[in-house]
Amino acid sequence: MARSVEAVRRTVLGSLGAVLVAVGLALLVLPGPGLLLVFAGMVLLSRAVPALDRFVGPVRRQAMRAAEESVSSPWRIAGSVTTGLCLVGAGVAWGLVPRLPYSGWTTGASLIVSGIVLFALLAWSHRRVRAGRRD
C-alpha cells in the first residue's frame, strides 16, 4: 500500500511540475512570471525524480544570491517598487483600453499578477536579508 501511495505522489508531483515548466516556458515570451514558474516546476519535478535535484541546487543558490542583491541598496528597492507599480498599472490599462495590442483582462491579469509576485518576492527578500544581518 505504501508503494502505491508513493507512486501516486510521484506521478502527481511530476505531472504538476511538468505543467508548471511548460506554462513557465510560455510565459518567458508572454507577460507573466515565467522564470518563477519554471523554477517552481523544476522543484516539483526534482521531488518526483530525485536525479533532477542536482540541477535545482545551483539554481536555488543563484536565486538566493539574486534575492539578496535585489534589496542591497535603497535604489534597487525603489527601482523594484517602481517596476511593480508599472506592471500593475500596465495590467489595468491592458484590461481597460481595447485599442492596445492583445488587450483584455487575460493579458492585464497576468501583468497584475506579475507585479504582485514582484512585491511578494521583494518583501520576502527584504525580510530574509534583514534576518540574516541580525544573526
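Observations, loosely collected:
- Of the residues making up the stretch 121-135, those that are under 19 Å from ALA40 (Cβ atoms) and either polar (S, T, N, Q) or open to solvent by less than 60 Å² (accessible area, probe 1.4 Å) (or both) are LEU122, ALA123, SER125.
- Test: VAL59 is in contact with a Phe, Trp or Tyr (Cβ under 7 Å, 6 or more places away or on another chain) and under 30 Å from VAL5 (Cα atoms): yes
- ALA123 satisfies every condition listed in (1) touching a residue at least 40 places away in the same chain (Cβ under 8 Å); (2) within 19 Å of TRP75 (Cβ to Cβ); (3) not polar (S, T, N, Q) except (1).
- Pairs meeting the criteria (first residue in the stretch 11-29 and touching a residue at least 60 places away in the same chain (Cβ under 8 Å), second residue among the hydroxyl-bearing types (Ser, Thr, Tyr) and part of a helix (DSSP H, G or I), beta carbons under 9 Å, at least 6 apart or on different chains) are LEU27/SER110; LEU27/SER114.
- When residues of the stretch 48-77 are limited to those that are small (Gly, Ala, Ser) and farther than 19 Å from ARG128 by Cβ, the one most open to solvent (accessible area, probe 1.4 Å): ALA51
- When residues of the stretch 94-123 are limited to those that are hydroxyl-bearing (Ser, Thr, Tyr) and part of a helix (DSSP H, G or I), the one nearest to PHE39 (Cα to Cα): SER114
- Pair list, Cβ < 9 Å and 6+ apart or interchain, from the stretch 95-111 residues that are open to solvent by 50 Å² or more (accessible area, probe 1.4 Å) to residues that are part of a helix (DSSP H, G or I) and aliphatic (A, V, I, L, M): LEU100/ALA93; TRP105/LEU96
- Pair list, Cβ < 9 Å and 6+ apart or interchain, from the stretch 40-53 residues that are more than 10 Å from ARG10 (Cα to Cα) to residues that are among the polar types (S, T, N, Q) and assigned to a helix (DSSP H, G or I): LEU52/SER46; ASP53/SER46
- Evaluation of CYS86 against the conditions (1) closer than 27 Å to ALA109 by Cβ; (2) open to solvent by less than 50 Å² (accessible area, probe 1.4 Å) shows that the sole unmet condition is (2).
The values are calculated or read from the model by the stated rules, or taken from the named source; none is laboratory data. No experiment lies behind these values; they were computed from the predicted model shown. Because the Cβ atoms are built from the backbone with ideal geometry, glycine has one as well, and the counts that use them run over all protein chains shown. Side chains included, ligands, DNA and RNA excluded: accessible areas come from the protein's heavy atoms. Shrake-Rupley method; radii C 1.70, N 1.55, O 1.52, S 1.80 Å.
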